[in-house]
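No lab work stands behind these numbers, since they all come straight from the coordinates. Quantities reported herein were computed from a predicted structural model and do not represent experimental measurements. FYI the Cβ positions are ideal-geometry reconstructions off the backbone, even for glycines, and counts take in every protein chain you see.
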């Protein structure tokens, strides 16, 4: 492997890894803020304990999100310096603004929330966790605006004198229709992730010891399941909008998602294909007639362009070369992403039904409880792999190819070193994180009362 | 003043903020086993930075992001050029963040001991390497007309840069000791205070050598003045500490770090990364910069939001202003040792 392949693997590994934790942070900060609000408004100990229990799990997750985020900020310059030079005038601004507006807010107020427990005025303490939640939203928006520019560059001009893309309309970058659809989709995915996280853990407690700690975990099952279902509905709606925008902005990605080789009107939606995906032969497939036309264009017989036709068109526009992404990868990641979301929602529905009917616990329900927090993590990863791999060979669609973006001064040995070091380190972190999460997820929080002497109280989160 | 100059200044300010703030975090981390002789004292020590360290580290992320936005060529050449050094720093910062956050999650002596080791190492390594990196930026690196770094990892380990690293390492240790003396009472306070004179003396020697040597690169009346002011503040901090004026001592080391950073950035200007191959190949505030339009937008964002950030970070320090001691640490009744 040469430097370009290693740099791509490194970007993939550390970014997918980082994004295992990010959606939990985005979603859980909102849910914990909600529980804290319930505690603040009712004064009930039940909600205080819930805030504490879920807050602890949130913090364990947050720490890894923060430290792996540092690498994200540095790696563009380290591995992708040609890319950084080419897009810096546009891409750097949202990143810097993300730091100034979001990272400061999150880190400062999280410190206040953790250490201000029982010490800060109640209103300020509550405001702290909400500001953390708002910070995660701001962070998501700016980084997605930067990514959306790579998918569909807006508001720039190419300056041939400096050889780079230059910003002339920042508003167009922030209101790119790709980010307007991607942001709600990502937030919905984050809420699905957090809802499923809460649902799985709470369900496990209820099923393992029926009748115990009901006041703590029954509302959590309900909150988790409802969040999951609402988020799943939002994911479908925003995903549908995204598909239509993608058909317009990146038709090749849409065609690759469906392994649609030849322009068709109407185009069927392929559910499963067995056989070769290079378009030469299809052994067996299951298709919904008109499905893709409807998904991509909102009309029954709409024309959807195929990979081969787009390849010809792109060769005329951009010159000779292959403009096809890895079709089997885009095809299957797209499908399994959707499947992960659907399964999560199905388990949430089952859990609500179970809660209502007070049915006896069964082995497979416990298994479902264990699986449900993991499914959205899989879906999130596949979604991003699809989005990024579907854009290939471009790093910035239509402007710069990925192979032209790497750092000329960094050799394959250096990239390999950092790839190995970071992957091993991340592996160790994952083990420690899962160990802590499991430990605290199992532990039922003790009954606590408001301390009479706050100075002598045990901190809610040991330090 | 051109926008490119304003952004050079702003990035210098962001780096200065980072070094002043995370400087004492690094110091506290390095001194952890020296000032914290038992479990409770170590908790006291870490609690002093607990609520603030993460916010302090964001200064680095914003400095990095601002460099990317305002001077993309600086960001690209520097970060790809200093590749392995940055990798080591990143690994240390990752380990450090996790250690600080996870250490207290379990009440287990072995667990604590292991994370303590990580905290010490991962505080010392970046404290040393940031000095090496900054010194190399001022000194310049081999770089051709393509503005690509032409050296390797060992090019960065030259005597001037290593002295820079030793200087930041000692200065941050001193800054941390003085911070601990200000923020604690009891044994941690006394031990931290005792560390000030020996570390202080070594710092004076290293810093005088380093800032003096810096004058060789692009010394002017201004850089001499800044370096002398830094030295005065350092001596002032040691004197204040000697007379029990801990607040003044802390201001003194903070000012020392800020003035030392000012010396370096003033020496660097108008370059952002000089070329030792040929001065004509240097990256400057002009040829590394973003467009006027981007810099204008970034300036507005910075003007509006920086005061807000300063206000709420200041508020955090105000909330947690109290000195900490053993009684602030929760100890189950049977374990109380005092």
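Sorted by mean Cβ packing within 10 Å, highest first, what order do the peptides B:268-277, A:248-257 take?
Values: B:268-277: 20.1, A:248-257: 23.9.
For the peptides B:268-277, A:248-257, the packing ranking is A:248-257, B:268-277.
Translational diffusion coefficient of region A:79-159 at 20 °C, 1.002 mPa s, Stokes-Einstein with Kirkwood Rh over Cα pairs, in µm²/s as a whole number. Display every interim value, and only then the final one.
Numbers: Rh = 14.4 Å.
The calculation lands on 149 µm²/s.
By how many degrees, 0 to 90 and rounded to 10, does the Cα axis of helix A:327-357 deviate from the longest principal axis of chain A?
The two axes meet at around 20 degrees.
Could you sort B:45-52, B:182-189, A:392-399 so that the peptide with the highest average Cβ count within 10 Å comes first and the rest follow in order?
My ranking of the peptides, most packed first, is B:45-52, B:182-189, A:392-399.
Could you give the angle, 0 to 90 degrees to the nearest 10, between helix B:159-183's Cα long axis and the longest principal axis of the Cα atoms of chain B?
Approximately 40 degrees, to the nearest ten.
With each run of n ≥ 4 DSSP H residues scored as -39500 (n - 2.57), what mean residue ellipticity at 222 nm is computed for the protein assembly as shown after dividing by its residue count and rounding to the nearest 500 deg cm²/dmol?
Computed ellipticity for the protein assembly as shown at 222 nm equals -25000 deg cm²/dmol.
What does the structure give for B:105-117 when I average, per residue, the other chain Cβ atoms found within 10 Å of the residue Cβ?
Per residue, the number of nearby Cβ atoms from other chains is 1 on average.
In degrees between 0 and 90, to the nearest 10, how far off the longest principal axis of chain A does helix A:81-97 point, with axes built from Cα atoms?
The angle comes out near 40 degrees.
Would you mind computing, in nm to one decimal, how far apart the modelled labels at residue A:161 and residue A:230 are, each placed 7 Å from Cα along Cα→Cβ?
Distance between label points: 5.3 nm.
For a quick check: sort A:87, A:304 by the number of other beta carbons within 10 angstrom, fewest at the front.
By the 10 Å Cβ count, ascending, the order reads A:304, A:87.
Viscosity 0.692 mPa s, temperature 37 °C: what is the translational diffusion coefficient of chain A from Stokes-Einstein with a Kirkwood Rh over Cα pairs, rounded to a whole number of µm²/s?
Calculated translational D: 138 µm²/s.
Count the DSSP beta bridges whose two residues both fall in the protein assembly as shown, then state the antiparallel fraction as a percent rounded to the nearest 5.
Approximately 90 percent, going by the DSSP bridge assignments.
Taking one equal scatterer on every alpha-carbon of chain B, how large is log10 of I(q)/I(0) by Debye at q = 0.07, 0.08, 0.11 1/Å?
Scattering profile of chain B, log10 relative to I(0): -0.30, -0.39, -0.72.
Pull out a ≥ b ≥ c, the square roots of the eigenvalues of the alpha-carbon gyration tensor of the protein assembly as shown, then state rounded if a/c is under 1.5, prolate if not and a/b is larger than b/c, and oblate in the remaining case. Walk me through the intermediate numbers first.
Values: a/c = 2.22, a/b = 1.18, b/c = 1.88.
Oblate, since a/c reaches 1.5 and b/c is not below a/b.
Where Rh denotes the Kirkwood radius from the mean inverse Cα pair distance, what is Rg over Rh for region B:1-159?
1.04
Across peptide A:153-164, how many C-beta atoms of other chains are within 10 Å of each residue C-beta, on average?
Taking the mean over all residues of the peptide, I get 1.
Is the C-alpha gyration tensor of region A:20-132 telling us rounded, prolate or oblate? Criteria: a/c under 1.5 is rounded; beyond that, a/b larger than b/c is prolate, otherwise oblate.
It is prolate, given that a/c is not under 1.5 and a/b is the larger ratio.
Going by how many other Cβ atoms sit within 10 Å of their own, how do B:178, A:385, A:226 line up, fewest first?
Arranged by neighbour count, lowest to highest, B:178, A:385, A:226 become A:226, A:385, B:178.
Determine the principal axes of the Cα atoms in region B:79-158, then give the extent along each, sorted from largest to smallest and rounded to whole angstroms.
57, 19, 16
How big is the Rg/Rh ratio for region A:253-324, C-alpha atoms only, Rh by Kirkwood, two decimals?
1.00
Most exposed first by the Cβ proxy, i.e. fewest other Cβ within 10 Å, how do A:18, A:168 rank?
Lowest to highest Cβ neighbour count: A:168, A:18.
Based on the mean of other Cβ atoms within 10 Å per residue, sort peptides B:63-72, B:209-218, A:149-158, A:25-34 so the most packed one is first.
By packing density, highest mean first, the sequence is B:63-72, A:25-34, A:149-158, B:209-218.
If you take each beta carbon of peptide A:406-419 and count the beta carbons of other chains within 10 angstrom, what is the mean?
4
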